[in-house]
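The values are calculated or read from the model by the stated rules, or taken from the named source; none is laboratory data. A quick note: this is a predicted structure, and the numbers were derived from the prediction, not measured. A quick note on method: Cβ atoms are made from the backbone with ideal geometry, for glycine too, and the neighbour counts reach across all protein chains shown. All accessible areas refer to the heavy atoms of the entire protein, side chains included, with ligands and DNA or RNA removed. Shrake-Rupley method; radii C 1.70, N 1.55, O 1.52, S 1.80 Å.
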Amino acid sequence: MGTSLQRGIQSLIEQIDAPVATFFTTCVHCGLCADACLFYTETQDPKYTPIYKLAPMRRVWQQNFTFWGKLMAKLGLSKPVTDAELAEWEPLVYDSCTLCGRCSMVCPVGNDITYMVRKMREGMVASGHAPDGLKEATQRAIELGGPMGLTIKTLQAHFRHTKQETGLTVPLDQEGADYLLVLSSAEIADFSEIFSAVTRIFHHTGVSWTMASDGFEATNSGIQIGSSDLAAELVNRIVKAAERLKVKYVISPECGHAYTALRWEGPNLIGRPYPFKVVHIIELLDQLRAAGRLRTEGMDETRMTFHDPCQMVRRGGVINQPRNLLNMVAPNFVEMPEAGMQNWCCGGGGGVSANARADELRLKVFSKKKAQLDAVNVKTLVTSCSNCRNMLLDGLEHNHMPQEVVGLTELIAAHLAPVEK
Ligand code: SF4
Ligand code: SF4
């Protein structure tokens with residue numbers, strides 16, 4: 001057995017914890033998870049059935065943890081997992097899973113298949129079977145600070161533009177501020193209007209905040225590729241910056257996986273609790289709304305709908321907050337079919353959109369979002385994840401659809417009431 005295959009199998013064995021073992025034991029092969037996964041519903045190809053994507057890991061579990069599996073392996077009736085098999089499964093584990101969590105919601109015996117895919121990726125990456133795009137993004141994140149290689153100089157250019165546009169200064173390295181804001185690469189590179197939006201909102205609401213020169217990047221490629229070690233290193237950068245600046249809260253930006261990495265996986269990854277709390281930007285805006293500090297004026301009469309980012313809504317529980325905010329400024333807001341917890345993924349999360357090999361597939365399965373949008377006939381599609389936003393733009397363009405895509409934070413910023421003196 002080659003060394004990398006050995007490492008991969010060993011890593012898969014190490015990933016088989018009590019929940020994974022229980023999930024494999026209790027699976028009743030009902031196939032309900034297939035109809036929850038857009039990669040299956042939009043292709044009708046049975047290989048995209050969520051639980052099938054884990055077949056090599058299931059065999060590793062059987063052969064190492066079950067009496068019959070061990071016996072069958074001894075009798076040669078159950079073949080060892082091979083390198084060729086892992087190579088064959090790589091596109092199933094990476095290209096056709098966005099870690100959206102929809103399959104886990106419908107499984108009648110409560111199997112968290114998404115958790116298992118995340119675990120399987122640990123074995124895949126250890127055996128060298130991860131997509132090039134994700135490997136390169138992870139390497140850039142470790143060496144340069146972020147998957148796009150953005151530096152503090154890029155941020156400082158945005159700070160200057162924000163000052164010109166708003167007259168306000170983005171605070172940097174302000175020790176003792178209440179909130180530390182981190183941003184995703186996609187926001188910084190593709191949707192830089194976020195800088196003036198948050199700066200104006202925090203000025204309007206009187207929030208004490210800062211950014212950190214040594215911890216501004218929230219994207220966690222380690223989570224996407226499936227490497228807990230790398231994910232921990234990236235989380236640690238933010239934790240150290242937050243501790244250095246002695247903030248009470250870290251604000252997770254409009255990026256779904258950044259939120260999952262920082263809020264839900266982070267303390268386990270680094271092996272200790274945080275001395276601060278993590279809040280999603282949309283949660284914070286809604287808290288400020290509820291406290292009467294976020295006040296808007298004027299309405300946008302455009303007919304619009306909201307795309308629920310999977311990590312923020314289904315996996316993260318931030319469901320009502322975006323709707324509370326939309327109701328402040330959008331009287332013609334309508335829900336798309338299956339909105340909220342059961343909404344369908346954009347098709348580009350979980351590292352899929354960073355993996356060029358998956359481009360054709362992710363655009364194909366956008367047919368699900370297209371059908372949802374066709375049902376509501378809106379002019380504007382609002383969302384609160386920069387990765388979703390890029391995928392939605394790609395999908396709309398691919399399908400020659402006319403809708404514009406808007407970030408929720410920016411929509412709110414466009415309607416801020418004057419600052420009270
Ligand atoms: S997490 Fe989402 S994309 Fe992945 S297998 Fe489940 S339903 Fe499909
Ligand atoms: S829905 Fe659950 S029990 Fe049914 S096949 Fe999928 S994982 Fe197994």
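For the chain, the relative contact order is 16 percent, taking Cα pairs closer than 8 Å that sit 6 or more residues apart in sequence and dividing their mean separation by the residue count.
Dividing the C-alpha radius of gyration of the stretch 5-122 by 2.2 N^0.38 Å, with N its residue count, gives 1.03. Estimated from helices alone, the mean residue ellipticity of the chain at 222 nm is -14500 deg cm²/dmol (sum of -39500 (n - 2.57) over DSSP H runs with n ≥ 4, per residue). Annotation: peptides 366-377, 32-43, ranked by per-residue average of other Cβ atoms within 10 Å with the highest first, follow the order 32-43, 366-377.
Just checking the listed ones, 403, 287, 342: in the Gaussian network model of the chain with Cα springs under 10 Å, the one fluctuating most is 287.
On a 28 Å Cα-Cα criterion, which of the cross-link pairs 153/368; 153/369; 277/368; 53/369 come out too long?
153/368; 153/369; 277/368
Scanning residues 5 or more positions from residue 416 or on other chains, those with amide H under 5 Å from its amide H are 297, with H placed 1.01 Å from N in the peptide plane.
Residue 122 exposes around 20 Å² of accessible area when a 1.4 Å probe is run over every protein chain in place. What is the angle, in °, between the Cα long axis of helix 3-15 and the longest principal axis of the Cα atoms in the chain? Nearest 10 is fine, range 0 to 90. With rounding to tens, the tilt is 70 degrees.
Which of rounded, prolate or oblate describes the stretch 269-316 when judged by the alpha-carbon gyration tensor and an a/c cut-off of 1.5?
Oblate, since a/c reaches 1.5 and b/c is not below a/b.
The H on the amide N of residue 278, modeled in the peptide plane, is under 5 Å from the matching H of 250, each at least 5 residues off or on a different chain.
When all protein chains stay in place and ligands, DNA and RNA are ignored, the 1.4 Å accessible-area order of 117, 125, largest first, is 125, 117. Relative to one another, the C-alpha centroids of the stretch 172-214 and the stretch 96-114 are positioned 34 Å apart.
Ranking of 30, 345 by solvent-accessible surface, largest first: 30, 345 (1.4 Å probe, protein heavy atoms only, all chains present).
Using a 1.4 angstrom probe on the protein heavy atoms only, line up 118, 7 by accessible area, largest first.
Listed by decreasing accessible area, they come as 7, 118.
Overall form of the chain: prolate. Here a/c, set by the Cα gyration tensor axes a ≥ b ≥ c, is 1.5 or more, and a/b is the larger of a/b and b/c.
The mean accessible area for residues of the stretch 1-106, using a 1.4 Å probe and ignoring ligands and nucleic acids, is 48 Å² per residue.
Each Lys and Arg adds +1 at its Cβ and each Asp and Glu adds -1 at its Cβ; summed about the Cα centre, the stretch 233-391 shows a dipole of about 480 debye.
For the chain, a Gaussian network of Cα nodes joined below 10 Å ranks 45, 308, 214 by mean-square fluctuation, and the top entry is 45. The alpha carbon centroids of the stretch 49-93 and the stretch 221-259 are separated by 33 Å. By a 1.4 Å probe calculation restricted to protein chains, residue 70 has an accessible surface near 110 Å², given to the nearest 10.
Normalised by the number of residues in the stretch 325-374, the mean separation of alpha-carbon contacts (under 8 Å, six or more apart) gives a relative contact order of 34 percent.
Scaled against the 2.2 N^0.38 Å expected of a compact globular protein of N residues, the Cα radius of gyration of the stretch 174-320 reads 1.05. The solvent-accessible area of residue 61, taken with every protein chain present and a 1.4 Å probe, is close to 30 Å².
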